[in-house]
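**Q** Sending over a structure as structure tokens; questions will come in a sec.
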Amino acid sequence: MPIEKNYEPAATEARLYDRWEKSGAFKCNPDSKAAPFTLMMPPPNVTGSLHMGHALTFTLQDILVRYQRMKGRDVLWQPGTDHAGIATQMVVERELAAQGTNMGRREMGREAFLKKVWEWKEKSGGTITGQLRRLGASCDWSREKFTMDAELSKAVTREFVALFREGLIFKDKRLVNWDPKMLTAVSDLEVEQREVKGHMWHFRYPLERDPTQFVCIATTRPETMLGDGAVAVNPKDERYQHLIGQYAVLPLANRRIPIIADEHADPEKGSGAVKITAAHDFNDFEVWKRHRDQDYFKRQQDGGLINLFDAHARMNENAPEAFRGLDRYKAREKVIADLEALGLVDKIEPIKHAVPHGDRSGVVIEPWLSEQWYCDAKSLAVEALKAVEDGRTQFVPEQWTNTYYAWMRNIESWCISRQLWWGHQIPAWYGPDGKYFVAETEADAKTEAAKHYGKTVELARDEDVLDTWFSSAMWPFSTLGWPDTTKELARYYPTDVLVTGFDIIFFWVARMMMMGLHFMKDVPFKKVYIHALVRDEKGQKMSKTKGNVIDPLTVIDQYGCDALRFTLAHMSTPGRDIKLATSRIEGNRNFATKLWNAARFCQMNECAWVDSFDPASVKHTVNQWIVGETKLAADKVASLLDDYRFDLAASAAYDFIWNNFCDWYLEFTKPILGGTDGATAAETRATTAWVLGQMLHFLHPFMPYITEELWGQFVGSEKMLMTDAWPVLGDNLIKPTGINWVRQMIDEIRAVRVELNVPGGAKIKLLIKDADKDIQNRISENMSYIVRMARLVEEGQGISYVTEIPKGAAQLVFGDIIIALPLADIIDLEQERSRLAKESERLKAEIQKVDAKLGNADFVARAPEEVVDEHRERKAEFEATLAKLQAAQKSLSA
């Protein structure tokens, strides 16, 4: 069918995706005899909308699965969404508040509230999966999972009970990140460190033996001093040696607290003495653990572990009576005022410091002592470490292995309970005396309780739910049917590769490794590909506050999905964040347009697909050249995708299509297609069509829509491109032609013309010195190409062989020969030399300025990373331009 004049992405994308999905092409086949290829989609939050980080992750995944599908693998790309405990509960509570019913979740009760959440999920929970379809994600939607599905919930319960019975899950009272607005513990991932303006207050604590003497401490949270259990000094700090083992009197609380020796106290910071508030600071809690068996703590109230706050971060009964019931910040004001009245404030310093905030609630997170359920991650990490050390799972790029090691070798017990209602409720039931019974069902728990008490008793279920990472840790095998034995589990586990961002190596990758090895006795994935962050064009993190967020859906609307996907792949250089500018996306939209126009050109020149075409049979040199280059390009793209070098694979496809095919081959063949040699023209038309077909194949994983559309319109095949075979081309297609040598010569001439400002329409002569017979024959065979594409004089003297280069000619060494362009009659040589010299000096000055900044250690240390990177990039650009100018200067003969 005729290819339309313009490519319309919006209409094409919707139509093609619908066709792909309805065809069943995305589905895996557990009964297939083909080798499986499995990739697990990191389940996005059910509350989420597609952002640029998602777009990168899912684009790279889709490139892999489309490539493997074309290679004949039985592909399972397992999709699904995460129930997102805190985020979803907040959304529904917000909706209830907006309805003005004055019915919060606690007023509604658990059952009624959860019914509302499920209603919301059915109505709005599919937003992101619809957006993934717009991105072209070719996952097996027939197998879509949700972490709260009945079968996945069954798996979570089995997981919890099994780990508990093995002693790997337990309850304990420890510090957690507590969100006083959401009233739940949260993971480190849900905590944002925000830099805020604050103060460092220096307080004097009187010594017990001599109240006129003081030990001075500094704190950013004065309210917590009411819960101090000790003052620590460094054992090597000579200033405080005489105080170790003595006592200070805690002001306002009037408690004696010990002065202890611990390495946590840094002699170089503040006064060198630090307050130890073990129930409200993670570092202090570790100090307390090291000293808790000492008499000075055993004799204290609560053993030196004094919890000052209730769940709302208000002062509780452990605080002095005058402070009870006060909000933490009101208590802060009163502490400062009371200490000032006592003359115990040494000084106050304004500072900027990082303060932890809940990423959902926006309130300051409080380190808080509470009883929670924990998983023994340290024990589970042993096998997960070995699996990476012995290569069963490999990180790509390899540098992320060290990040994984650092985390896993220092891992602590994992707090897995959350004080929410939306999530997997912990399968533990409590008897009348508080003893708990962990079981898969309430009936099983009652049976255990009856045995323990010797009678039937009432049981109350634990109200807490599990951390969402606990359920998603099972994603690679729970989605395949575990704990049941299924053929999907046997066929698709372990998976081939995981594609994700570095920020969840700790929270998801490590947990999947631990649970996969524990329950499946094998790694969950053989490779972990870690991609970078997507930032704005200046290298800054995208945020709504800064107003620099680039919405992928808006980009798709404006430039088409293929342009966005290709840009993200093209810029995915390992170890380097993506600095995304819409100009880059626009450039790749232009690439799509160039491909479309090239296909139309081919069709208008009657280049038609021939099923029986044999590329090894072509006779004409140019056709032999492009056939060989096509083979090399297809192989290169495949090899680079096998190595997860998405950036280089995209570049290889781009370079071949834009340069080899569009800019060179089509230009080479225009005279042939319009010439009188019918046989050569017919061969060229068939070759052109064949090359276009191969190009569409190896570009398809990156730009699936335009390639599928052109395949249908150009080839007219009912068979979809996405299910057609990847081009595997024989070595017999590569033949020596000399065309690349000709290309390089033309490129050199064109570069000289540009750098020396030769008018585009000017026809010039070419002089060649030191050419042997072979080179003269090669030039003779390709004379028409060189004359036409280098814009040489067409008469007989367009190319001449000389023994000396005349004055007034630009010259350069090209391999074993010297080529020269006599330009004295076309440009003002002196003026050109002067221009080149001035521009070179200007660039040298610019390079010196940048070098001065980059050589300033203070600038490099203080400037934002993106600013330093920008200076390095500018220097590289200046140096590249300078090299061209210097080459042009050198080319001008005296």
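**Q** Which of the residues belonging to segment 131-153 are open to solvent by less than 20 Å² (accessible area, probe 1.4 Å) and either polar (S, T, N, Q) or farther than 30 Å from Met722 by Cα (or both)?
**A** Let us first name the residues in segment 131-153 that are open to solvent by less than 20 Å² (accessible area, probe 1.4 Å), namely 132, 135-140, 146-147, 152.
Within segment 131-153, Ser138, Thr147, Leu152 meet the criteria.
**Q** Here is a follow-up. When only residues in segment 238-264 that are of a type in the set (Gly, Ala, Ser) and not in a loop (DSSP other than H, G, I, E, B) count, which is most open to solvent (accessible area, probe 1.4 Å)?
**A** Residues of segment 238-264 of a type in the set (Gly, Ala, Ser): 245, 248, 253, 261.
Still in the list and also not in a loop (DSSP other than H, G, I, E, B): 248, 261.
Numbers: Ala248: 0, Ala261: 35 Å².
Among those residues, the one meeting the criterion is Ala261.
**Q** Those residues that are aromatic (Phe, Trp, Tyr) and either more than 32 Å from the chain's Cα centre (by Cα) or surrounded by fewer than 21 Cβ atoms within 10 Å (Cβ to Cβ) (or both), I need them from segment 603-651; list them, please. So that I can check it myself, show each step before the final result.
**A** Step one: filter segment 603-651 for residues aromatic (Phe, Trp, Tyr), giving 609, 613, 625, 644, 646.
Trp609, Phe613, Trp625 - these are the residues of segment 603-651 that are aromatic (Phe, Trp, Tyr) and either more than 32 Å from the chain's Cα centre (by Cα) or surrounded by fewer than 21 Cβ atoms within 10 Å (Cβ to Cβ) (or both).
**Q** (1) modelled with pLDDT of 95 or more; (2) closer than 27 Å to Leu132 by Cβ; (3) part of a helix (DSSP H, G or I): which one isn't true of Gln713, the others all being true?
**A** If we test Gln713 against (1) modelled with pLDDT of 95 or more; (2) closer than 27 Å to Leu132 by Cβ; (3) part of a helix (DSSP H, G or I), just (1) comes out false.
**Q** I'm trying to understand the selection: among the residues of segment 450-465, which are among the hydroxyl-bearing types (Ser, Thr, Tyr) and under 14 Å from Gly423 (Cα atoms)? Write out each step before concluding.
**A** Quick first cut of segment 450-465, residues among the hydroxyl-bearing types (Ser, Thr, Tyr) only: 453, 456.
Hits for segment 450-465: nothing passes.
**Q** Further, regarding this structure: Picking from Glu804, Glu873, Glu846, Glu865, which residue would you name as being touching a residue at least 24 places away in the same chain (Cβ under 8 Å), open to solvent by 60 Å² or more (accessible area, probe 1.4 Å) and farther than 30 Å from Ala790 by Cα?
**A** On the way: Glu804 fails: farther than 30 Å from Ala790 by Cα; Glu873 fails: touching a residue at least 24 places away in the same chain (Cβ under 8 Å); Glu846 fails: open to solvent by 60 Å² or more (accessible area, probe 1.4 Å).
After ruling out the rest, the residue left standing is Glu865.
**Q** While we're looking at this one, here's another question. What are the residues in segment 265-286 that are among the hydrophobic types (A, V, I, L, M, F, W, C) and part of a strand (DSSP E or B), if any?
**A** Within segment 265-286, Ala273, Val274, Ile276 qualify.
**Q** Test each condition in (1) in contact with a helix residue (DSSP H, G or I) (Cβ under 7 Å, 6 or more places away or on another chain); (2) without any contact (Cβ under 8 Å) to a residue 24 or more places away in the chain for Met408 and report the one that comes out false.
**A** (2)
Residues are listed down the side, and each one gets a yes or a no for (1) hydrophobic (A, V, I, L, M, F, W, C); (2) open to solvent by less than 40 Å² (accessible area, probe 1.4 Å); (3) within 24 Å of Val191 (Cα to Cα):
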{"site": "Asp503", "(1), (2), (3)": "no, no, yes"}
{"site": "Met512", "(1), (2), (3)": "yes, yes, yes"}
{"site": "Asp522", "(1), (2), (3)": "no, no, no"}
{"site": "Lys526", "(1), (2), (3)": "no, no, no"}
{"site": "Gly547", "(1), (2), (3)": "no, no, yes"}
{"site": "Val555", "(1), (2), (3)": "yes, yes, no"}
{"site": "Tyr559", "(1), (2), (3)": "no, yes, no"}
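**Q** Which one is modelled with the highest pLDDT among residues in segment 523-566 that are of a type in the set (Gly, Ala, Ser) and within 16 Å of the chain's Cα centre (by Cα)? Show your work before the answer.
**A** First pass over segment 523-566, keeping only residues of a type in the set (Gly, Ala, Ser): 532, 539, 543, 547, 560, 563.
With within 16 Å of the chain's Cα centre (by Cα) added as a condition, the list becomes 532, 539, 543.
On the way: Ala532: 87, Gly539: 81, Ser543: 74.
Only one residue tops the list, namely Ala532.
**Q** Output yes when any residue across segment 292-301 is at pLDDT 95 or above, open to solvent by less than 20 Å² (accessible area, probe 1.4 Å), closer than 19 Å to Asn254 by Cα and not in a strand (DSSP E or B), and no when none is. It would help to see each step written out before you state the result.
**A** First, pick out the residues of segment 292-301 that are at pLDDT 95 or above: none.
Looking for residues that are at pLDDT 95 or above, open to solvent by less than 20 Å² (accessible area, probe 1.4 Å), closer than 19 Å to Asn254 by Cα and not in a strand (DSSP E or B), one finds none in segment 292-301, hence no.
**Q** Among the candidates Thr184, Thr220, single out the residue that is touching a strand residue (DSSP E or B) at 6+ places or on another chain (Cβ under 9 Å) and over 26 Å from Asp503 (Cβ atoms). Spell out how you get there, then give the answer.
**A** Values: Thr184 fails: over 26 Å from Asp503 (Cβ atoms).
Of Thr184, Thr220, the one residue that is touching a strand residue (DSSP E or B) at 6+ places or on another chain (Cβ under 9 Å) and over 26 Å from Asp503 (Cβ atoms) is Thr220.
Okay, residues lined up against (1) of a type in the set (Phe, Trp, Tyr); (2) within 45 Å of the chain's Cα centre (by Cα):
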residue	(1), (2)
Ile416	no, yes
Trp429	yes, yes
Ala450	no, no
Gly454	no, no
Glu458	no, no
Glu463	no, yes
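**Q** Another question, then. As an exercise: evaluate Lys289 against (1) outside any strand (DSSP E or B); (2) crowded, with 18+ Cβ neighbours inside 10 Å and give the number of the one condition it does not meet.
**A** (2)
**Q** I'm trying to understand the selection: among the residues of segment 511-569, which are part of a strand (DSSP E or B) and of a type in the set (Asp, Glu)? Quick ask: steps written out before the conclusion?
**A** Taking segment 511-569 as the starting set, the residues that turn out to be part of a strand (DSSP E or B) are 525-531, 534-536, 541.
Across segment 511-569, the qualifying residue is only Asp536.
**Q** Name the one entry in Leu326, Leu339, Leu305, Leu369 that is under 22 Å from Leu207 (Cβ atoms) and either surrounded by 17 or more Cβ atoms within 10 Å (Cβ to Cβ) or out of contact with any helix residue (DSSP H, G or I) (no Cβ under 8 Å at 6 or more places or on another chain) (or both). Give the derivation first.
**A** Working: Leu326 fails: under 22 Å from Leu207 (Cβ atoms); Leu305 fails: under 22 Å from Leu207 (Cβ atoms); Leu369 fails: under 22 Å from Leu207 (Cβ atoms).
Just one listed residue meets the conditions, Leu339.
**Q** Take residues that are within 50 Å of the chain's Cα centre (by Cα) and over 30 Å from Gly628 (Cα atoms) and tell me which of the helices (runs of 4 or more DSSP H) falling wholly in segment 731-838 contain 1 or more.
**A** Details: elements: 739-755, 773-781, 783-789.
Per the criteria, 739-755.
**Q** Among residues belonging to segment 186-220 that are in a loop (DSSP other than H, G, I, E, B) and open to solvent by 50 Å² or more (accessible area, probe 1.4 Å), point out the one that is nearest to Trp508 (Cα to Cα).
**A** Of the residues in segment 186-220, the ones in a loop (DSSP other than H, G, I, E, B) are 187, 208-213, 220.
Of the ones still in play, those that are also open to solvent by 50 Å² or more (accessible area, probe 1.4 Å) are 208-213.
On the way: Glu208: 50, Arg209: 53, Asp210: 54, Pro211: 53, Thr212: 54, Gln213: 52 Å.
The extreme case among them is Glu208.
**Q** Checking Glu333 against (1) surrounded by 18 or more Cβ atoms within 10 Å (Cβ to Cβ); (2) part of a helix (DSSP H, G or I); (3) more than 41 Å from the chain's Cα centre (by Cα); (4) not basic (Lys, Arg), only one condition comes out false. Which one?
**A** Here Glu333 meets the rest and fails (1).
**Q** Another one. Collect the residues in segment 154-173 that are surrounded by 18 or more Cβ atoms within 10 Å (Cβ to Cβ) and either among the polar types (S, T, N, Q) or modelled with pLDDT under 95 (or both), keeping them in residue-number order.
**A** Hit for segment 154-173 is Thr157, nothing else.
**Q** I've got another one for you. Condition first: open to solvent by 40 Å² or more (accessible area, probe 1.4 Å) and farther than 20 Å from Asp464 by Cβ. Now tell me which residues in segment 68-106 satisfy that. Steps first, please.
**A** Just the residues of segment 68-106 that are open to solvent by 40 Å² or more (accessible area, probe 1.4 Å), to begin with: 71-73, 93-95, 97-103, 106.
Once the filter is applied, which keeps residues that are open to solvent by 40 Å² or more (accessible area, probe 1.4 Å) and farther than 20 Å from Asp464 by Cβ, segment 68-106 yields Lys71, Gly72, Arg73, Arg94, Glu95, Ala97, Ala98, Gln99, Gly100, Thr101, Asn102, Met103.
The values are calculated or read from the model by the stated rules, or taken from the named source; none is laboratory data. Quick caveat, the model's predicted, so the values are computed rather than measured. Cβ atoms come from the backbone with ideal geometry, glycine included; neighbour counts cover every protein chain shown. All accessible areas refer to the heavy atoms of the entire protein, side chains included, with ligands and DNA or RNA removed. Shrake-Rupley method; radii C 1.70, N 1.55, O 1.52, S 1.80 Å.
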